[in-house]
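Taking it in order: structure first as structure tokens, then the write-up.
Read-outs throughout are calculated quantities, based only on the coordinates presented, and are distinct from any laboratory measurement. Treat the numbers as computed from the prediction; the structure is a model and nothing was measured. Virtual Cβ from ideal backbone geometry, glycine too; neighbours counted across all protein chains shown.
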Amino acid sequence: MYKRHSKKYDFLHRALTYSIMAIAVIAGVIICLFLAMGYRFDFNSGKISQVALLQFRSIPNKADVTVNDELLPASTPTRLNVPAGKNNVKISLDGYRSWKKTVDVSSGQVLWLDYVRLIPTSITTEVVQSFADMQDILLSPDKHWLFLQSSTGFMLADISDPESVRFSTFIIPDDLLIKPNADQEEQFAMIEWDSSSRYLLIRHSVGENVEFLRLDRQNPEKIINLNTEFKQPISKLNFAPNKTDEFYGITNNTLNIFLHKDHSTVGQIVDYIVSDYSLSSDGKIAFIGSDTVNAAENNQIIGVYHNNTTTDIKTFDQSAPTFVEMARFNDQDYLVIARDETVTIYKDPIKQSTSEPIYLSSPSGIDWLSLSPTDRFVIAGNDGKIVGYDLDVKDNFSFETSYTEAPSWLDNTHLVVTNKSQIQIMDFDGTNAENIVSGLDMAVLSSDGEFLFSLDKTNDGVVLQRSKLVIED
């Protein structure tokens, strides 16, 4: 016969049931949090340890990933929890050269290996156009346009469709230029595109005289001599970030802002004699100057200018050349100073951050300083010996190349150099260096990343060539 439980029994039963459910939920949440934070139970040691997470992505994707000699069941893009410390990674795909790297990760770290570029085992290269001579090429920010410079003039190449390149000639009228005497050397140099990929700055020098021209890709006949426009002897000039009619430049050893739309010079923006400067993506300016009042002391003053305010950061003597770059990465400002055998990275220089600067040692000295297009990587070097720092993972690296000049950035994470007349692509830290094609010192990627455009010498002159970096399915 059924016996009805007392109210006290029912209450205790419900309380116990709910308590067990609550404990189970809490335990489940804790376990999920520990798993999300990378904690795992090691059955071999019988201990709980925190692992790291590797995220993989490659160009092209669907590549095999092997970590510490174990093949992952999934191809790229994929991920894997790995033990803290050094892990050997290999990414491979049929028809492509394997990509290898040893990564050193800490407990709980998430490391993105999303810059893996696989190079075909066999590369097809075609001649796009032949020239009597060609000296340099400059790629637009949108990677749709190539500006080419020869000893006699300029050409524009539309590479928006990399397999159907179209050319047009740019003619600069002689009446816009300083006319050289018979004994004077005349030189042109392509400085930079503006951020819209429409306008281009050209530097023209005759002897010690320098002038700057703004070329309009859409209206080739509308060439402006900016020295004439502003009635100033400009010695260095750059587009202001995200501007087409605004410039920063040095005139008479002063740093100035120029406005083309008003045909005016706003005037000196820092109270120093300025020898060089660097612009960040949001308009902050790092400069190398000297005090006009205490010029006899002949010191170098490194400072930052922003919103009508100048912040002095460091003072040096004139015993060694100094290089500066203003970087902005992940909404954070960095001032990079390279001098003698040291690269120093200051975080939040305008706010005078109390955080300790980052120091990189370059025992061979420093002849150049460079930032990657996104400002994530800082590299500096001399005679093929390179030191660098990754602002994302906060780690330094160093490597050597046979190329003694400053390497160029192919994209956000890869460098391009010339090694014994071979164009070579490598990761930002010098690993996975791969020869692509015979060529000169310049090479650029198409917007889809599938083609490498470069120059190469031939018996008849110079060719613009196109190398295919992917294999058709």
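Evaluated at 4 °C with a viscosity of 1.567 mPa s, what Stokes-Einstein diffusion coefficient in µm²/s does region 332-383 have when Rh comes from the Kirkwood expression over alpha-carbon pairs?
112 µm²/s
Between helix 7-36 and the chain there is an angle of about 30 degrees, using the helix long axis and the longest principal axis of the Cα atoms. Hey, what D do you get for region 372-413 in µm²/s if you plug the Kirkwood alpha-carbon radius into Stokes-Einstein at 37 °C and 0.692 mPa s? Result for D is 305 µm²/s. Here is the list for region 366-443: trypsin sites (Lys or Arg not before Pro) lying in DSSP coil, each with at most 13 other C-beta atoms within 10 angstrom of its C-beta, are Lys394, Lys420.
Please state the equivalent ellipsoid semi-axes for the chain: what are the square roots of 5 times the Cα gyration tensor eigenvalues, largest first, in whole Å?
Output for the chain: semi-axes of 51, 31, 22 Å.
Its residue count N sets the reference 2.2 N^0.38 Å, and the alpha-carbon radius of gyration of region 47-117 equals 1.07 times that reference.
Residues in region 135-142 carry Karplus couplings, in order, of 9, 7, 9, 9, 8, 6, x, 7 Hz; the curve used is 6.51 cos²θ - 1.76 cosθ + 1.60 with θ = phi - 60°, and Gly or Pro positions show x.
Looking at the chain alone, DSSP beta bridges between its own residues are antiparallel in about 95 percent of cases. The peptide list 233-240, 455-462, 221-228, put in order of mean Cβ contacts within 10 Å with the highest first, becomes 233-240, 221-228, 455-462.
For region 344-372, backbone nitrogen atoms closer than 11 Å to the point 7 Å from Lys394 Cα along Cα-to-C-beta are found at 356. Shape verdict for region 355-456, please, from the Cα gyration tensor: rounded (a/c under 1.5), prolate (a/b greater than b/c) or oblate. Judged from the Cα gyration tensor, region 355-456 comes out oblate (a/c at least 1.5, b/c at or above a/b). Neighbours of Asp456, meaning other residues whose beta-carbon lies under 12 angstrom from its beta-carbon, give a summed charge of -1 when Lys and Arg score +1 and Asp and Glu score -1. A Cβ-based charge dipole, computed about the Cα centre of the chain with Lys and Arg at +1 and Asp and Glu at -1, lands at about 3080 debye. Bridging of Lys143 to aspartates and glutamates at a Cα separation below 17 Å is possible for Asp158, Asp161, Glu163, Glu192, Asp194, Asp216, Asp411, Asp448, Glu450, once same-chain residues fewer than 8 apart are set aside. Between Leu259 and Gln422, the modelled label-to-label distance comes to 5.5 nm, taking each label 7 Å out from Cα in the direction of the beta carbon. Cβ-to-Cβ counts within 10 Å put Ser290, Ser150 in ascending order as Ser150, Ser290, the fewest first. With a bin width of 5 angstrom, please list the P(r) values of region 288-441 as percents of all Cα-Cα pairs, from the 0 bin to the one holding the largest distance. For region 288-441, the binned pair fractions read 2, 9, 17, 20, 18, 14, 10, 6, 3, 1, 0 percent. Projected label points at Ile269 and Leu16, each 7 Å from Cα along the beta carbon direction, are separated by 7.7 nanometres.
Each residue of region 204-220 is assigned a 3J(HN,Hα), and the resulting list reads 10, 10, 10, x, 8, 8, 10, 9, 10, 10, 10, 9, 10, 4, 7, 10, x Hz, derived from the Karplus form 6.51 cos²θ - 1.76 cosθ + 1.60 (θ = phi - 60°), x at Gly and Pro.
Can you list the equivalent-ellipsoid semi-axes of region 181-338, largest first and in whole Å, using the square root of 5 times each Cα gyration tensor eigenvalue?
Working through the eigenvalues yields semi-axes of 27, 20, 14 Å.
Available extension along the chain between Asp460 and Ser107 is 121.2 nm, counting 0.36 nm per residue and deducting the alpha carbon span. For region 189-269, the Kirkwood estimate of the hydrodynamic radius, built from every pair of different alpha carbons, is 12.6 Å. Site pair Asp161 and Ser92 shows an inter-label distance of 3.9 nm when each label is modelled 7 Å from Cα along Cα→Cβ. With neighbour counts taken as other beta-carbon atoms within 10 Å, the residues Ser454, Ser280, Ser75 rank, fewest first, as Ser75, Ser280, Ser454.
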